[in-house]
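The block underneath contains the structure these notes are about, expressed in structure tokens.
Computed from the coordinates by the stated procedures, all read-outs in this text should not be read as laboratory data. Note that this is a predicted model, so its numbers are computed, not measured. In this analysis, Cβ positions are derived from the backbone assuming ideal geometry, glycine residues included, and neighbour counts consider all displayed protein chains.
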Amino acid sequence: MNFEQAIRTRYSCRKFMAREVPQAVIEKILELAQHTASWNNVQPWRVLIASGAAARDFAAALTAHVRSGAVPKPDLAFPQEYHDIERERRKACGVQLYQALDIGRGEEERKRQQMLENYRLFDAPHVALITTPAYMGVYAALDCGLYVNSFMLAARSLGVDSIAQAAIAAYSDFVRPYFGISDERKLVCGISFGFGDATHPINQYRTGRAAISEVVTWYR
Ligand SMILES: Cc1cc2nc3c(=O)[nH]c(=O)nc-3n(C[C@H](O)[C@H](O)[C@H](O)COP(=O)(O)O)c2cc1C
């Protein structure tokens, strides 16, 4: 698969099959993602991967934590509001998801259950947690974002599906101690990965993108 095929066919997978990704394939994804550019080549990302029983135990503990009514405390501030076109796109993203599952407007409990699927890792057999050094600030977090994209595209190119999850970082104060990650590192996001269930309704739709005319300003 070339770059165009990988980036055009990657999508956020929200239902995985139980089958694990062979260790050699995971290592290949990691090796490819290591080629990500970073400012001064500092490569600030660190990656913790939980697989199999470790992933299932983590998902159960995190789900219980969220269900208990824990207050989100992300290490990196989440957006507090969305304006204009960003607001519209965010809304469209939610509409697509609920339509795929036939969840109606007022069905708040079904929406909540679907939101909780984030913490069940969408049944993925693996989750990667990406952290950045606390002292390095926004550009190191940006480097980690580039790494996340490389990881997902490398995975796609090797037939592995994935989803980046800020939802996991919402509970950084639970996730870091759970894995013994020092508070000198900030949790950027999780990436659940594995083989997608291609028959599940939630994996059927694809999100749109703005035309380049909407995002690019040309000067000549
Ligand atoms: C940094 C980051 C965090 C995300 N967090 C979540 C999340 O917590 N839960 C979720 O369902 N999707 C999450 N997504 C997936 C986005 O909703 C998705 O990328 C977007 O809607 C575009 O769809 P696509 O990935 O299928 O092309 C995240 C994506 C990124 C890049």
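Only bridges with both residues in the stretch 3-204 count here: give the DSSP antiparallel percent, nearest 5.
95
Build a GNM of the chain with springs between Cα atoms under 10 Å: which of Tyr11, Tyr139, Tyr82 gets the top mean-square fluctuation?
Ranking Tyr11, Tyr139, Tyr82 by mean-square fluctuation puts Tyr82 first.
For the chain, which DSSP H helices look membrane-span-like by this rule: Cα extent along the axis of 24 Å or more and mean Kyte-Doolittle of at least -0.5?
Going by DSSP H runs, the hits are 138-157.
Starting from the Cα coordinates of the stretch 55-102, work out the convex hull volume and express it per residue in Å³.
About 139 Å³ per residue, rounded to a whole number.
Counting only C-alpha contacts under 8 Å and six or more residues apart, can you give the relative contact order of the chain as a whole percent?
It rounds to 38 percent for the chain.
Where is the GNM fluctuation largest for the chain (alpha-carbon springs, 10 angstrom cutoff): His83, His35, His200?
His83
So what J values fall out for the stretch 202-209 if you push phi through Karplus, 6.51 cos²θ - 1.76 cosθ + 1.60 with θ = phi - 60°, rounded to Hz, Gly and Pro as x?
Values, residue by residue: 5, 9, 8, 8, 10, 7, x, 9 Hz.
Listing Trp39, Trp218 from the residue with the fewest other Cβ atoms within 10 Å to the one with the most, what is the order?
The most exposed by this proxy come first: Trp218, Trp39.
So how strong a dipole does the chain carry about its Cα centre when Lys and Arg Cβ are +1 and Asp and Glu Cβ are -1, to the nearest 20 debye?
The calculated dipole for the chain is roughly 300 debye.
What's the local net charge at Phe3, with K and R +1, D and E -1, over the other residues with C-beta under 12 Å away?
With Lys, Arg at +1 and Asp, Glu at -1, the net is +2.
Given H placed 1.01 Å from N in the peptide plane, which residues other than close sequence neighbours of Leu101 have an amide H under 5 Å from its amide H?
The list, which skips near neighbours in sequence, is empty: none.
List Cys144, Cys93, Cys189 from most exposed to least, where exposure is judged by having the fewest other Cβ atoms within 10 Å.
Cys93, Cys189, Cys144
Comparing Val160, Val21, Val71, which has the greatest mean-square fluctuation in the GNM of the chain with Cα pairs linked when under 10 Å apart?
It is Val71.
So if I take the centroid of the Cα atoms in the stretch 137-189 and the same for the stretch 47-81, what is the distance between those two points in Å?
Their Cα centres are 12 Å away from one another.
How compact and how long is the stretch 3-204, expressed as Rg and Dmax of its alpha-carbon atoms in Å?
Every Cα atom of the stretch 3-204 included, Rg and Dmax give 16.7, 50 Å.
Using a 10 Å cut-off around each Cβ, can you sort His126, His65 from fewest to most neighbouring Cβ atoms?
His65, His126
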